[in-house]
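Undergrad: Below is the structure I would like to discuss, written out as structure tokens.
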Amino acid sequence: MPSRRQFMVGVGAAGASAMAGCVSTEGGSGTTATATNTGETYQVGYGDYQTTVSASAFPETLYVYAVQTGWSNWGALMESFNSEYGVSLNDDQRSSGEALSHARQNAEDPNHSAMNGGYTFGVVARNDGLTQAYKPANYEAVPDSLKTDDGHVTATRRMTTAVTYRADLYEEQGIDPPETWEDLRQPDIAESLVFQPPQAAVGLAGALSINNAYGGSLTDVQPVIDYYSDLQDAGATFQGNLEQQFTSGEIETIVEYDYTGLDLKYNADSIGEEQVDVSLMTGPNGESGALNQPYGYAMLEGAPNPEACKLFMDYVLSLEGQRQFFDAYVRPIRADELETPDEFPDQSEYEAAEFQVDYGQLVENQESIIEEIGEGVGLTGY
């Protein structure tokens with residue numbers, strides 16, 4: 001029987017060709033082709049937002065913030081969408097915070113069609129007047145708490161904060177696998193530990209996870225500032241784009257999402273499955289310490305290429321698109337309709353560690369939280 005890694009290689013090659021020439025039809029709200037693969041029009045949208053788009057209006061390249069290779073399996077979705085519809089996606093390597101900043105700077109003349117990133121970053125963009133309403137096909141499948149009533153922002157996937165570590169190097173050094181955030185204080189772990197900065201959604205999720213584990217709240221982030229300061233004194237650092245240094249062994253422990261470690265463990269050719277492991281963390285006394293962070297998208301006001309943008313948004317929320325998130329261990333928003341990979345940690349581990357926040361309250365406090373943490377630990381740009 002082939003391993004999951006071998007299976008994924010086959011899916012990546014065969015899946016794209018198998019999807020060429022077919023379009024999802026999921027009930028009355030699915031994206032539907034009204035012509036052949038060489039035809040011109042597609043029905044998109046949900047409810048009052050259903051409309052017909054013409055391929056003649058599609059650009060060669062569609063620009064959507066933070067749709068990027070190397071993250072959330074976007075590379076596979078970019079490839080399959082291009083194979084299906086002949087539209088490539090710009091490889092946009094921005095974080096959620098960088099995307100929001102760029103969208104604000106270009107609000108009068110947007111050069112991207114949609115926001116994509118941490119769900120609350122999309123809601124902030126909505127509140128800034130940067131987005132417009134569009135309910136994609138299968139909008140009804142998204143929980144009410146993870147979409148705005150006005151159709152501006154829709155969640156597409158979720159990830160949970162976790163620690164990914166080099167199991168082989170831990171074993172060589174006699175280090176026990178971490179189970180609580182307190183365990184990362186060990187000198188042998190802290191000196192090769194990297195956090196993501198909080199202006200990225202993944203870094204914000206990590207900060208809020210630690211903050212919750214030590215009794216903080218959305219209006220009190222001093223616990224995570226104190227924690228970060230202690231770990232910095234012990235050698236921990238902040239940076240993005242960690243995977244290459246992790247697989248080389250230069251970094252032994254990273255704080256990102258469960259998806260990060262599981263994708264490296266089971267899908268990456270650059271490192272062996274037995275070399276990587278993932279821990280969902282609790283506080284020192286069993287407090288929940290793993291934020292479940294939603295991600296989503298929002299169409300930008302005055303967006304260029306709205307027809308192709310709508311089709312792409314529909315594709316991401318289709319079962320074909322959602323399944324490709326699961327292929328990299330990113331939990332799609334329609335996970336209940338799909339088979340969950342066996343490689344995820346046991347559900348009991350999620351139940352013990354995972355929590356959610358009031359997303360409305362987070363939106364209200366998000367920018368002050370990011371600024372306070374950044375300034376509190378001496379990061380630049382705050």
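Every number here is computed from the coordinates shown, using simple stated rules; none is lab data. On a predicted model such as this, the values are computed, not experimentally measured, just so you know. Cβ atoms come from the backbone with ideal geometry, glycine included; neighbour counts cover every protein chain shown.
Undergrad: Return the residue satisfying two criteria in turn: it lies in segment 173-196 and is surrounded by 17 or more Cβ atoms within 10 Å (Cβ to Cβ), of a type in the set (S, T, N, Q) and under 21 Å from N212 (Cα atoms), and of such residues it is farthest from the chain's Cα centre (by Cα).
TA: T180
Undergrad: Could I ask something else about it? Where in segment 198-253 are the helices (runs of 4 or more DSSP H), entirely inside, with at least 2 residues that are under 20 Å from the mean Cα position of the chain (by Cα)?
TA: 201-213, 243-248
For every residue, the table says whether it meets (1) in contact with a Pro (Cβ under 8 Å, 6 or more places away or on another chain); (2) under 21 Å from P284 (Cα atoms); (3) touching a residue at least 12 places away in the same chain (Cβ under 8 Å).
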{"site": "H152", "(1), (2), (3)": "no, no, yes"}
{"site": "M159", "(1), (2), (3)": "no, no, yes"}
{"site": "D168", "(1), (2), (3)": "no, no, yes"}
{"site": "Q173", "(1), (2), (3)": "no, no, yes"}
{"site": "D176", "(1), (2), (3)": "no, yes, no"}
{"site": "W181", "(1), (2), (3)": "yes, yes, yes"}
{"site": "L184", "(1), (2), (3)": "yes, yes, yes"}
{"site": "Q196", "(1), (2), (3)": "no, no, yes"}
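Undergrad: For A303, are the conditions met, namely being small (G, A, S), surrounded by 17 or more Cβ atoms within 10 Å (Cβ to Cβ) and over 22 Å from S95 (Cα atoms)? So that I can check it myself, show each step before the final result.
TA: Working: small (G, A, S): yes; surrounded by 17 or more Cβ atoms within 10 Å (Cβ to Cβ): yes; over 22 Å from S95 (Cα atoms): no.
Here the answer is no, as A303 does not meet what is asked.
Undergrad: Residues of segment 121-140 being among the polar types (S, T, N, Q) and touching a strand residue (DSSP E or B) at 6+ places or on another chain (Cβ under 8 Å), which ones?
TA: T131, Q132
Undergrad: While we're looking at this one, here's another question. Starting from residues that are outside any loop (DSSP other than H, G, I, E, B) and over 20 Å from the mean Cα position of the chain (by Cα), keep the ones in segment 135-172 and report whichever is surrounded by the fewest Cβ atoms within 10 Å (Cβ to Cβ).
TA: The extreme case among them is E172.
Undergrad: Further question: Of the residues that make up segment 73-83, is at least one closer than 26 Å to L208 by Cα and touching a Lys or Arg at 6+ places or on another chain (Cβ under 8 Å)? Show your work before the answer.
TA: Filtering segment 73-83 for residues closer than 26 Å to L208 by Cα gives 73-74.
Filter once more, so that each one left must be touching a Lys or Arg at 6+ places or on another chain (Cβ under 8 Å): none.
No, there is no match, as no residue in segment 73-83 is closer than 26 Å to L208 by Cα and touching a Lys or Arg at 6+ places or on another chain (Cβ under 8 Å).
Undergrad: Can you pull out the residues in segment 331-347 that are assigned to a loop (DSSP other than H, G, I, E, B), among the hydrophobic types (A, V, I, L, M, F, W, C) and closer than 22 Å to T154 by Cβ?
TA: I333, L338
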